[in-house]
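**Student:** This structure is in structure tokens; I'll ask about it shortly.
The values are calculated or read from the model by the stated rules, or taken from the named source; none is laboratory data. Being a predicted model, the structure only gives us computed values, none of them experimental. FYI the Cβ positions are ideal-geometry reconstructions off the backbone, even for glycines, and counts take in every protein chain you see.
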Amino acid sequence: MNDMTPISRATTTKDWETDQEVRWCPGCGDYAILKAMQRTMPEIGAVPEKTVFVSGIGCSSRFPYYMETYGFHTIHGRAPAVATGLKLANPELDVWIITGDGDALSIGGNHTMHLLRRNLDCQIMLFNNEIYGLTKGQYSPTSRVGTSGPSTPYGSVDRPAMPCAFALGSGARFVARGFDVSKNLPEVLKAAHAHKGAAFIEIFQNCIVYNKDVFEDFAAPKGAEDRQLWLANGEPMLFAKGTKGITLDHQSLTLKVVDVVDGNWQAAAVIVHDVTNRSVAHMLVEMRFGEFPMALGVLYDDPRATFEAEVWTQNAEVSEGKTANLSKLLSKGQTWIVGEEVGPEL
Amino acid sequence: MATIAQEPTGAALEQACDTVVVRFAGDSGDGMQLTGGQFTLSSALAGNDFATFPDFPAEIRAPQGTLFGVSAFQINFGSTAIDTAGDAPDVLVAMNPAALKTNVGALKPGGLIIVDEGEFSARNLDKAKYATNPLEDGSLGRWQLLKLNISQATLDAVKPFGLGNKEALRCKNMWTLGLSLWMFDRDRAPLVEWLKTKFAKNPVLADANIAAMNAGHAYGETAELSGPLKQYHIAPAKADPGLYRALTGAEGIALGLVAGAQLAGLPIFFGGYPITPASAILHHLSRLKEFGVTTFQAEDEIAAICSAIGASYGGSLGITSSSGPGIALKGEAMGLAIMTELPLVIINSQRGGPSTGLPTKTEQSDLYQAVYGRNGDAPLPVIAARSPGDAFECAIEAVRIAVEYMTPVMLLTDGYIANAAEPWAVPDMSAYKPFPVEFLDHVPEGGFKPYGRDEKLARRWVKPGTPDLLHRIGGIEKEVDTGHINYSPANHQIMTDIRKAKIDGVANSIPDQTCELGGAGGKLAIVGWGSTYGPIHQAVGRARDRSQDVSHIHIRHIWPMPKNLGELLKSFDHVIVPEMNTGQLKTVLRDQFLVDAQPLNKVSGQPFTIAEIEAAIAGALA
């Protein structure tokens, strides 16, 4: 079995930029995510040639062309499947999957689910802009009810999927949230990278052409304190400059917002975030924005054995003591020898 | 040309004969495939050449006694070369009324029927939709009928072992096997050993089965002179000295892939999704991990091929396998492998279609799908195996083309080849020329071009992880040499032309087409591909023995075709193409060479019989 930790090497942000002209719309949230990624790579000691970006189809999936690494721009929805084969072939590679709400949850929903269930060691970054951008503005599986577009001129009627709830329900062992222009995004990416196993990150991304400012209600800098709950392991779930917190209603077993007086969060029974608490994670991913702040940062992080490591371990274990003797293999089973003159012998 | 419907012809079996066809038929739960498989082994050990045809329903355990629940296994064995499982059986062993009803029509006139009359109850007759008992109403007069109460004889034989009635009756197939072994003068010892191994954990069951087999054998010995039951002696077939084994098509492919990967110096990554009849390849490979084989049961057909593409990108030999419906799902991903110019082997174990079609029956109707079935101008090499042994060679050839030309390759087999077994002379691997893959691991002179090409127009294979060769690939049109995104009209024209020229160029690496029988320039060529090899070869051989001017051409390389094929076909007055489809190779031949190829089609889910092809030959030469 190979050592799966890439050897770190000092790089600069510049080392991660390609000579390719970036083709996203001016002002697209993807630029900010790309910058955050290029800034994060040197900090985590990533090695360009051991890093592979795998993407599907959609605006976000052009990402690999702009990272000076190995890159594979595959087909719609199938990046998780390609990444699975790649990582099984070479577990030493540091694999990042770049996908969108349509790519990961509509056409590729099945593959996303199975990659998370298997726990392939990779980072899966889902750029959620709640719209189909590259096909010009149709509603997506995460669009809110009533989203109008060329295919839903009277508004969409079906309810959206919740990416983080889907991920957790699929068995993900790492679930995080961020948004394109957030200064905290690199920290989320770092945490995802540090997690051994499938790390699922939902990144709210502003599509300035087809779904402009749909996340402004929580992402706008003004009033952000009141509308964003940045989670930190071991820290109380506080927001609004520490004047509000999240607690558990013991009657209904649901979360609720409480006021915190004079910073005494203990008195308000504010929950201390434990990233390994799966039950609380289930409640956090279901927390409805509006009634609650938007939960951001690392919602859940509890690693366990990864798929490719288990496969390689089993391959090695069952091969132990056996030699790859092809001639012997060909002669196995129901065999007999035809002699020179007479008929067959046993 | 008409489709096929013929009555079986032939004469009663002689006690000293060259070849015999036996069909075992019973309920799905009667163990007919097992009985057939063990009888095959005994044929091999007796030195006979053989070919088998397992024919079973799609349902795992259809309701007992029903017509659609009948499972059959046919074996043709003999002292001369055997190419097919035989047209019409000489002997039919029918374990119940349903098995009799669905199979007796195929039996040669005068052939021998052995039935378990213990199963011919009013209830079972009703389930088989018999108004009257065929054993008593004279409807079987064309054949010799041997009624035995096999059920009762089995119960008697296994009585000392104290099994329950149901368990005891499960030994019926061994009683039948014992009788069959006696009929063809076979040694029981290897079967006794096999039963002991099979039931090592339950010696009582082993002893009961052995007792049933011995009882069947003993019955033959004592009954010989009193009825239609006789012992037959089939001399060993002439075969080159050496080590032989029984090989199914699925085994041939699995072993060929392992051999091909060794010749290429690559680990195997196999991505598959369960589907009949292709799953057997996944099953075989999953036990060969010590050969550097990783198998991955994906969540669906698309993930199966995409994971294989990802593995090829990572430097393994990516392989995926399916049957028609699954291959259809993989179509888009094949285009990705074509666009990114990565090696990939795709195996299609064809079955009856369209849609779910006939999952357990054989057909050759995916040739169009293989050659043309993708969006865009998306050529890829297609090769077709003719037999289990040939599947081994074809798998190696598929691997060679995939890695030498950096392309996906489709290997076609079918349900008949996948399940059928034949004797196979174990090859000496030192006779195969290795084709080791050289990954590019440094910047070449003149700089690195991800879509730069060698003289075969193949691009270089670079593994992610290699320093200084970072690059991006994908399904969007690539710029010549650099591989950057490029949508310009001129570039797309050039890249499309290159992709076509690369695949056309594969023809430079394959041998000229030869004739299996006969030679160029005759009156008639019978042109086949895939599993029709056996019946065509036998039929043409027999016609030539009658001095008819007919040759047999069998095409392995479906795309691109051998360079001399057009010229060869044009040298004949007539060309007939028998296919288990409505004329797909025929269309391709007409298109490629403007030859007047005539179709001979059969899409009944059953292989051609020799007689059907002989009739076509006679018709064309009349």
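**Student:** Identify the residue in the stretch B:325-341 that is buried (at least 24 other Cβ atoms within 10 Å of the Cβ) and within 14 Å of B:Tyr273 (Cα to Cα) and, among all such residues, is nearest to the other protein chains (Cβ to nearest Cβ).
**Tutor:** B:Lys330
**Student:** Does B:Lys478 satisfy the criteria of being within 14 Å of another protein chain (Cβ to nearest Cβ), more than 19 Å from B:Ala384 (Cα to Cα) and among the charged types (D, E, K, R)?
**Tutor:** It is true that B:Lys478 is within 14 Å of another protein chain (Cβ to nearest Cβ), more than 19 Å from B:Ala384 (Cα to Cα) and among the charged types (D, E, K, R).
For every residue, the table says whether it meets (1) at pLDDT below 95; (2) not small (Gly, Ala, Ser).
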residue: B:Gly415; (1), (2): yes, no
residue: B:Phe439; (1), (2): no, yes
residue: B:Tyr451; (1), (2): no, yes
residue: B:Ala458; (1), (2): no, no
residue: B:Gly465; (1), (2): no, no
residue: B:Leu470; (1), (2): no, yes
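**Student:** For the condition touching a residue at least 12 places away in the same chain (Cβ under 8 Å) and within 20 Å of A:Gly100 (Cβ to Cβ), what is the one hit in A:Ala194, A:Ala219?
**Tutor:** A:Ala219
**Student:** Go through the residues of the stretch B:344-355 one by one and say whether even a single one is over 24 Å from B:Ala58 (Cβ atoms) and either in contact (Cβ under 8 Å) with a residue 60 or more places away in the chain or within 14 Å of another protein chain (Cβ to nearest Cβ) (or both).
**Tutor:** yes
**Student:** Quick one: which residue in B:Ala425, B:Ala431, B:Ala458 is within 11 Å of chain A (Cβ to nearest Cβ), under 37 Å from the mean Cα position of the chain (by Cα) and not hydroxyl-bearing (Ser, Thr, Tyr)?
**Tutor:** B:Ala425
**Student:** Somewhere in the stretch B:357-366, is a residue touching a helix residue (DSSP H, G or I) at 6+ places or on another chain (Cβ under 7 Å) and of a type in the set (A, V, I, L, M, F, W, C)?
**Tutor:** No, every residue in the stretch B:357-366 fails to be touching a helix residue (DSSP H, G or I) at 6+ places or on another chain (Cβ under 7 Å) and of a type in the set (A, V, I, L, M, F, W, C).
**Student:** B:Phe269: in contact with a Gly (Cβ under 8 Å, 6 or more places away or on another chain) and within 11 Å of chain A (Cβ to nearest Cβ), yes or no? Please lay out each step first, then the result.
**Tutor:** On the way: in contact with a Gly (Cβ under 8 Å, 6 or more places away or on another chain): yes; within 11 Å of chain A (Cβ to nearest Cβ): yes.
Yes: the conditions hold for B:Phe269.
**Student:** Working carefully through the options A:Gly333, A:Gly234, A:Gly245, A:Gly290, find the one that is more than 9 Å from chain B (Cβ to nearest Cβ) and either touching a Lys or Arg at 6+ places or on another chain (Cβ under 8 Å) or buried (at least 18 other Cβ atoms within 10 Å of the Cβ) (or both).
**Tutor:** Only one candidate qualifies: A:Gly245.
**Student:** B:Ser279 - would you say it is away from every other protein chain (no Cβ under 12 Å) and surrounded by fewer than 24 Cβ atoms within 10 Å (Cβ to Cβ)?
**Tutor:** yes
**Student:** Please go through the stretch B:176-191 and give me each residue that is in a loop (DSSP other than H, G, I, E, B) and either within 14 Å of chain A (Cβ to nearest Cβ) or surrounded by fewer than 13 Cβ atoms within 10 Å (Cβ to Cβ) (or both), ordered by number. Reasoning before the result, please.
**Tutor:** So in the stretch B:176-191, the residues in a loop (DSSP other than H, G, I, E, B) come out as B:184-188.
Within the stretch B:176-191, B:Asp185, B:Arg186, B:Asp187, B:Arg188 qualify.
**Student:** Can you say whether B:Lys289 is under 30 Å from B:Asp481 (Cβ atoms), among the basic types (Lys, Arg) and without any contact (Cβ under 8 Å) to a residue 60 or more places away in the chain, as far as the supplied structure shows?
**Tutor:** Here the answer is no, as B:Lys289 does not meet what is asked.
**Student:** Would a scan of the stretch A:71-82 turn up a residue that is closer than 19 Å to A:Val209 by Cα and out of contact with any Pro (no Cβ under 9 Å at 6 or more places or on another chain)?
**Tutor:** no
**Student:** A:Lys322: in contact with an Asp or Glu (Cβ under 7 Å, 6 or more places away or on another chain), of a type outside the set (Gly, Ala, Ser) and either at the interface with chain B (Cβ under 10 Å from one of its Cβ atoms) or surrounded by fewer than 17 Cβ atoms within 10 Å (Cβ to Cβ) (or both), yes or no? First the steps, then the outcome.
**Tutor:** Numbers: in contact with an Asp or Glu (Cβ under 7 Å, 6 or more places away or on another chain): yes; of a type outside the set (Gly, Ala, Ser): yes; either at the interface with chain B (Cβ under 10 Å from one of its Cβ atoms) or surrounded by fewer than 17 Cβ atoms within 10 Å (Cβ to Cβ) (or both): yes.
When the stated conditions are applied, A:Lys322 passes them.
**Student:** Still on this model: In the stretch B:521-550, what residues are out of contact with any Asp or Glu (no Cβ under 8 Å at 6 or more places or on another chain) and among the small types (Gly, Ala, Ser)?
**Tutor:** Matches in the stretch B:521-550: B:Gly521, B:Ala525, B:Gly541, B:Ser547.
**Student:** Identify, please: which residue in the stretch A:56-92 is of a type in the set (S, T, N, Q) and at the interface with another protein chain (Cβ under 8 Å from one of its Cβ atoms) and is, among those, farthest from B:Ser307 (Cα to Cα)?
**Tutor:** Residues of the stretch A:56-92 that are of a type in the set (S, T, N, Q), as a first pass: A:60-61, A:69, A:74, A:84, A:90.
With at the interface with another protein chain (Cβ under 8 Å from one of its Cβ atoms) added as a condition, the list becomes A:69, A:74, A:84, A:90.
Working: A:Thr69: 20, A:Thr74: 11, A:Thr84: 6, A:Asn90: 12 Å.
Checked the stretch A:56-92; the qualifying residue farthest from B:Ser307 (Cα to Cα) is A:Thr69.
**Student:** Oh, and also: Could you list, in sequence order, all residues of the stretch B:444-462 that are touching an Asp or Glu at 6+ places or on another chain (Cβ under 9 Å) and not aromatic (Phe, Trp, Tyr)?
**Tutor:** B:Lys449, B:Pro450, B:Gly452, B:Arg453, B:Lys456, B:Ala458, B:Arg459, B:Arg460, B:Val462, listed by residue number.
**Student:** Residues that are within 25 Å of A:Asp121 (Cβ to Cβ): list the helices (runs of 4 or more DSSP H) wholly contained in the stretch A:255-346 that include at least 1 such residues.
**Tutor:** A:278-286, A:307-319
**Student:** Output yes when any residue across the stretch A:85-95 is touching a helix residue (DSSP H, G or I) at 6+ places or on another chain (Cβ under 6 Å) and more than 26 Å from A:Thr313 (Cα to Cα), and no when none is.
**Tutor:** no
**Student:** Please work out which one of (1) modelled with pLDDT of 95 or more; (2) within 22 Å of the chain's Cα centre (by Cα) is the condition B:Ile610 fails and give its number.
**Tutor:** With (1) modelled with pLDDT of 95 or more; (2) within 22 Å of the chain's Cα centre (by Cα) applied to B:Ile610, the lone miss is (1).
**Student:** Specify the residue that is surrounded by the most Cβ atoms within 10 Å (Cβ to Cβ); the eligible residues are those in the stretch B:224-264 that are among the charged types (D, E, K, R) and under 15 Å from B:Pro427 (Cα atoms). Step through it out loud before you land on a result.
**Tutor:** First, the residues of the stretch B:224-264 that are among the charged types (D, E, K, R): B:224, B:230, B:238, B:240, B:245, B:251.
Narrowing further to those that are under 15 Å from B:Pro427 (Cα atoms): B:240, B:245, B:251.
Values: B:Asp240: 8, B:Arg245: 19, B:Glu251: 23.
Result: B:Glu251.
**Student:** Inspect all residues belonging to the stretch A:268-288 and state whether any of them is over 18 Å from A:Gly169 (Cα atoms) and under 22 Å from the mean Cα position of the chain (by Cα).
**Tutor:** Yes, because at least one residue in the stretch A:268-288 is over 18 Å from A:Gly169 (Cα atoms) and under 22 Å from the mean Cα position of the chain (by Cα).
**Student:** Okay, moving on. Only residues that are within 17 Å of B:Lys159 (Cα to Cα), surrounded by fewer than 16 Cβ atoms within 10 Å (Cβ to Cβ) and under 32 Å from the mean Cα position of the chain (by Cα): list them for the stretch B:192-223, please.
**Tutor:** Within the stretch B:192-223, none qualify.
**Student:** Let me ask something additional. Would you call B:Leu317 surrounded by fewer than 24 Cβ atoms within 10 Å (Cβ to Cβ), of a type in the set (A, V, I, L, M) and either at negative phi or more than 7 Å from chain A (Cβ to nearest Cβ) (or both)?
**Tutor:** no
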